[in-house]
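To start, the structure itself, in structure tokens.
The values are calculated or read from the model by the stated rules, or taken from the named source; none is laboratory data. Given the structure is predicted, the values throughout are model-derived calculations rather than measurements. Cβ coordinates were reconstructed from backbone atoms using ideal geometry, including for glycine residues, and neighbour counts include every protein chain displayed. Accessible surface is based on the protein model in full, side chains and every heavy atom, while ligands, DNA and RNA are left aside. Shrake-Rupley method; radii C 1.70, N 1.55, O 1.52, S 1.80 Å.
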Amino acid sequence: MPSRKQLANAIRALSMDAVQKARSGHPGMPMGMADIAEVLWNDYLKHNPNDSTWYDRDRFILSNGHGCMLHYALLYLSGYPLKLEELIHFRQLGSATPGHPEFGITTGVEATTGPLGQGLANAVGMAIAERTMAQHFNRGALDIVNHHTYVFAGDGCMMEGISHEAASLAGTLQLGKLIVFYDDNGISIDGQVKRWFNDDTPKRFAAYGWQVIPEIDGHNSDAIRAAIEAALASPQPSLLCCQTIIGYGAPKQGDEAVHGAPLGDEAVAQARQKLDWHHPPFDIPSEIRNAWDARERGSLKQSQWLQKLETYQLEHPELASEFYRRMRGELPDNWHTHAQQWIEQSDQQEKALATREASRQTLASYSECLPELIGGSADLAGSNGTLWEGSQAITSKQHNGNYIYFGVREFAMSAIANGISLHGGFIPFVATFLVFSDYARNALRLAAMMERRIVFIYTHDSIGLGEDGPTHQPIEHLNSLRLIPNLDVWRPCDSVETAVAWQAALEAEDHPSALVLSRQTLAHCKRTHTQLPLIANGAYLLHETPSPVLTIIATGSEVALAMQVCAQLNDNNHPSNLVSMPCAEVFGRQPQSYRDKVLLPDVPRLVIEAGNRDWWYRYVDTHGTVIGIDSYGASAPGKDLFEHFGFSVEKIYATALTIIGQHHAPTLS
């Protein structure tokens, strides 16, 4: 039987060989954390390489994702369907071993990590999801949801602000099944971190309410096991501070030189000698492969769980059916009917509402048939409209809720939502002001990259929020969000479009959605029964006239203003169409025939939106224009600000006449 050190050295050898072959990568962390990984994966981690989607598996997150060769080596050695050829082609085009872990690319990778600290925040979300799902479904000894979330994190993760936000909330909620291994090697790319990172990390996490186990010898298997046992027994989240040597076994171990660059052929050869590893590159002896192979014991663990689930199905058939539905991410059978009824009801009521309030009412309605809705706000619950009559807070003592008070933690909130979504069983929503989406942007980007169904609610969407002034008035944010691939940005003009936007977001299985909502009250737009289903196309003709000389495009609060302009144009014999475009991304996915019907190719266009203009020029030709804002706002009532920045019927009407005159002016022969 191979020794533990030999098993760990298999990780080290594969990691340094792959990085060396690619001439790119980070060998130091995998070589330093190999002993910890060996103990965790061989003695504690509940997983089945034959089924990486087993619902009750433990989750393993590599927050310090630059060390991804450690994860790839673990997956290969333990029997996941990751071929050796993929390790040989590490960081190459089309391989299943990209330069940082990517969810959906590599079987067994639970989250896309690499931007430091986000993996830790994802894990907090997974731990929240596990505990809440357990409360929703477990019945006595039939604990069909009972697993842990393990995280590897490094100095970079601890320095990033998101880890502070996420760890603080995890301690407050007392997420006892969250266990973080801190790779305390004292080295980052620039050298010894004590020169710029001299925090007392154990005391910091203890202050958050974590169990902290300091000064663990990260190369001593017995010490690692003892620390894990203590963590498993704790009702608190646990931080295991593992003192390791970066690049363990390399000639320059303990130095920044081994952090983010290949060791070099000579150094790799010397490391082989020091580690007593006398095998060619990428060659793992059969006895070591066999000792690592977790397929048989993983299948046994899953089989035992399936037996428990079978009993659960017999005793609680309705709960079992609901559990499967939610973990598969399927919406209930009555969902579509419920949503359509609410949309039609919203249309019939013809209420003038702020779209943030319309969103709150829609959330309350949709939650009646979607128990998987879970989320909250970054300390702006009343302003964002995220609290409703059915809200029940999740706390350290109350685990059966559906609402999370995130506090002022926009970045962690968004990454936690990613983790909740990745875990399964929930559709998360999170909220803040649109201007603060900047704080959360990198997590939002990863949500889009990982194709997660998450609803990001951003209220106070323009200068219309008024007196709070330019620090809180978004200008560039709408178009900034629209630049994120695989993100649908909805800016509804009234309660009906808001209900449709929510429906679209909840039905989006492969991308997140941003709902951009107003603080101020917006008038209800009258529509025909035929127009109502067209909202789901992302853009539609709200007013259509024969032989138009102008098409006006507007979103959100500017649609009502555009309607007034359009009416005045038509009254003065300038026939004009009005297009409401709540979601340009959805509109762009429609057939060309539909798009040409909505936006007639030969008719000039005028776009109206109270934000930066640049993105909109794709929709106007040389004869059209965009009315927007390219400067910061000001502190004043919203109505005064719209007038000040040119959003008035008179000024827009004059601009429309100019466009019409230029387009229809006679040409000189």
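Structure data summary
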| read-out | value |
| --- | --- |
| Lys, Arg +1 and Asp, Glu -1 on Cβ, resulting dipole of the chain about Cα centre, debye, nearest 20 | 480 debye |
| Unit charges at the beta carbon, dipole of the chain: most positive-side option, GLY249, ILE535, ASN442 | GLY249 |
| Set LYS526/LYS639; LYS203/LYS301; LYS194/LYS397; LYS177/LYS274 screened for pairs whose C-alpha atoms are more than 30 Å apart | LYS203/LYS301; LYS194/LYS397; LYS177/LYS274 |
| Rounded to the nearest 10 Å², the accessible area of HIS278 at probe 1.4 Å | 110 Å² |
| Carbon plus sulfur fraction of accessible area for the range 366-449, probe 1.4 Å, in percent | 49 percent |
| Residues whose placed amide H lies under 5 Å from that of ILE187, excluding near-sequence neighbours | VAL193 |
| Qualifying GluC sites (Glu not before Pro) in the range 310-404, DSSP loop, other Cβ atoms within 10 Å at most 16 | GLU330, GLU350, GLU368, GLU389 |
| Percent of alpha-carbon pairs separated by more than 19 Å within the range 536-633 | 38 percent |
| Most to least accessible of LEU483, LEU120 (protein chains only, probe 1.4 Å) | LEU483, LEU120 |
| Unit charges on C-beta of K, R, D, E only; dipole of the range 561-621, Debye | 140 debye |
| Per residue accessible area in Å² of the chain, where ligands, DNA and RNA are left out and the probe is 1.4 Å | 38 Å² |
| Dipole-positive endmost among PHE456, TRP196, LEU515 within the chain (Cβ charges, Cα centre) | TRP196 |
| Cα gyration tensor shape of the chain, rounded if a/c is under 1.5, else prolate or oblate by comparing a/b with b/c | prolate |
| Of the trypsin sites (Lys or Arg not before Pro) in the range 344-421, those whose Cβ has at most 14 other Cβ within 10 Å and which sit in DSSP loop | LYS397 |
| Angle in degrees between helix 4-22 and the longest Cα principal axis of the chain, rounded to the nearest 10 | 50 degrees |
| Relative intensity, log₁₀ I(q)/I(0), of the range 363-474 from a Debye sum that treats every alpha carbon as a point, q = 0.14, 0.17, 0.21 Å⁻¹ | -0.56, -0.81, -1.16 |
| Those trypsin sites (Lys or Arg not before Pro) in the range 13-74 that DSSP places in a loop and that have at most 12 other beta carbons within 10 Å | ARG23 |
| Angle in degrees between helix 410-423 and the longest Cα principal axis of the chain, rounded to the nearest 10 | 70 degrees |
| The range 239-309 - percent relative contact order, Cα under 8 Å, separation 6 or more | 19 percent |
| Cα centroid separation - the range 324-367 against the range 1-23, whole Å | 53 Å |
| Neighbourhood net charge (11 Å Cβ-Cβ; Lys/Arg +1, Asp/Glu -1) for ASN9 | +2 |
| Contact order relative to length of the range 409-486, as percent, for alpha carbon pairs under 8 angstrom and 6 or more apart | 32 percent |
| Binned Cα-Cα distances of the range 59-206, short to long, each 5 Å bin given as a whole percent | 2, 9, 17, 19, 16, 15, 12, 7, 3, 1, 0 |
| DSSP beta bridges in the chain [antiparallel fraction, %, rounded to 5] | 15 percent |
| Accessible-area composition of the range 1-153, carbon plus sulfur, in percent [1.4 Å probe] | 50 percent |
| Structure-based [θ]222 nm, the chain - -39500 (n - 2.57) summed over DSSP H runs of at least 4, per residue, nearest 500 | -13000 deg cm²/dmol |
| Charge dipole of the chain about the Cα centre (unit charges at C-beta), most positive-ward option of PRO30, VAL268, HIS574 | VAL268 |
| Positive minus negative residues near ILE374 (Lys, Arg vs Asp, Glu; Cβ under 12 Å) | +1 |
| ILE245 - accessible surface, heavy atoms, 1.4 Å probe, Å² rounded to 10 | 60 Å² |
| In order through the range 473-490: 3J(HN,Hα) via Karplus (6.51 cos²θ - 1.76 cosθ + 1.60), integer Hz, x for Gly, Pro | 9, x, 10, 8, 6, 4, 5, 4, 5, 5, 7, 7, x, 6, 10, 8, 10, 9 |
| Charge dipole magnitude, Cβ of K and R +1, D and E -1 - the range 246-298, Cα centre, debye nearest 20 | 140 debye |
| The range 81-132, relative contact order in percent, only Cα pairs under 8 angstrom and at least six apart counted | 20 percent |
